[in-house]
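One structure below.
Quick note: the coordinates plus some simple rules give every number you see, no bench work behind them. Keep in mind it's a predicted model, so treat the numbers as computed, not measured. When we count neighbours, we look across all protein chains shown, and the Cβ atoms used for this are built from the backbone with ideal geometry, even at glycine.
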Amino acid sequence: MAKLAHSMPSQYPSTAQDLARGKRSEIDYLNGLIVKRGAVLGIATPANRVLWALVKLMEGQRA
């Protein structure tokens, strides 16, 4: 993973690109879906919940 990151230093994840452009991200369809499915199945998804919440907060800051 570290080699991949160093090989493409100017590349950014799509969520970061969306936030930089002021667009709504696909976080609800990525981490948000995992959080929802985990809740239905009774499985805790704390890392995905934190990532989802942080991106949603960042989206709200520009509103």
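Exposure proxy for Tyr12, Tyr29: other Cβ atoms within 10 Å of each Cβ, ordered fewest to most, give Tyr29, Tyr12.
Estimate the FRET efficiency between Asp28 and Met8 by the formula 1/(1 + (r/R0)^6), using the beta-carbon distance for r and 22 Å for R0, to the nearest 0.05. Walk me through the numbers on the way to the answer.
Details: r = 26 Å, r/R0 = 1.19.
Given R0 = 22 Å and the Cβ-Cβ separation, E is 0.25.
How long are the semi-axes of the equivalent ellipsoid of region 24-63, taking √(5λ) for every eigenvalue λ of the Cα gyration tensor, in whole Å from largest down? List each step's numbers first, then the result.
Numbers: eigenvalues 85, 18, 8 Å².
Ellipsoid half-lengths, sorted descending, are 21, 9, 6 Å.
Residue-wise HN-Hα couplings along region 44-55, as the Karplus relation 6.51 cos²θ - 1.76 cosθ + 1.60 with θ = phi - 60° gives them from phi, are 5, 10, x, 5, 5, 5, 5, 4, 4, 5, 5, 5 Hz; Gly and Pro carry x. Using only Cα atoms, find the angle between the long axis of helix 31-41 and the longest principal axis of the chain, and express it within 0 to 90 degrees, rounded to the nearest 10. Approximately 20 degrees, to the nearest 10.
About its Cα centre, the dipole of the chain is roughly 40 debye, where the only charges are +1 on Lys and Arg Cβ and -1 on Asp and Glu Cβ. Among residues other than Ile27 with Cβ under 13 Å from its Cβ, the summed charge is +1 (Lys and Arg +1, Asp and Glu -1).
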